[in-house]
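The values are calculated or read from the model by the stated rules, or taken from the named source; none is laboratory data. This one's a predicted model, so the numbers in the text were calculated from it and none came from an experiment. FYI the Cβ positions are ideal-geometry reconstructions off the backbone, even for glycines, and counts take in every protein chain you see. The accessibility values were calculated without ligands, DNA or RNA, using every heavy atom of the protein model including side chains. Shrake-Rupley method; radii C 1.70, N 1.55, O 1.52, S 1.80 Å.
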Amino acid sequence: MKKILTVIALSLTSFVALSHSLTVGENLPQVTITDKGFVDLVEGDFEYRQWTSAELQNKIILIQHIAGRTSAKELNEPMIDAIIAADFPFEKYNTATLVNLDESIWGTGAIVASQVKSNKEEFPDAIFVLDSEGDMRKTWALTEKSSAIILLDQAGKILFVKDGEMNPTEINTVIGIINANI
């Protein structure tokens, strides 16, 4: 009986870890965000515009898709710290932070949006997108209340994907893939 329970537990763990619908070598499934969307800073004012994931091309792009909550943001902070330290050239690389406001803790959506705006001021060339309906998480079948890292090539094909917290080896792998492709 113990063996059966162990097999079931391992099977479920594997299923949860691989639950996203993204495949290395394939294009990122397209999603259009109409509510909120791309966060732009125009002459000191923030504006939102409709955004589509098809815009994520022509550079190596590291996507950080996160639920709009601190615990999700912290999961892959070491990956983002490594990206900042690597100081990749903007002409060939960009970071896209895609925030699922649908998973914000009740009453904190405005605070999350404000934090994204602060980050846009600090990193004006980076891509920031607010998804009020959770369309990206649903389309890509990402884990709820979590963080995912997705690396795309210049054509929008997936080079690397990890749904959940990355370990140091995975972080080094992503940095290596970026270096090999820029």
Task: Failed item in (1) more than 15 Å from the chain's Cα centre (by Cα); (2) closer than 18 Å to ARG137 by Cβ, with GLU43 passing the rest - done: (2)
- [ ] Please specify each residue of segment 82-101 satisfying the condition of being within 14 Å of the chain's Cα centre (by Cα) and assigned to a helix (DSSP H, G or I).
- [x] ILE83, LEU101
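Of THR108, THR139, which residue is surrounded by 13 or more Cβ atoms within 10 Å (Cβ to Cβ) and closer than 17 Å to ALA72 by Cβ? I'd like the intermediate steps shown before the answer.
Details: THR139 fails: closer than 17 Å to ALA72 by Cβ.
Testing whether each residue is surrounded by 13 or more Cβ atoms within 10 Å (Cβ to Cβ) and closer than 17 Å to ALA72 by Cβ leaves just THR108.
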TODO: Could you figure out which of (1) open to solvent by 40 Å² or more (accessible area, probe 1.4 Å); (2) of a type in the set (Gly, Ala, Ser); (3) under 22 Å from ILE60 (Cα atoms) isn't true of ALA96?
DONE: (1)
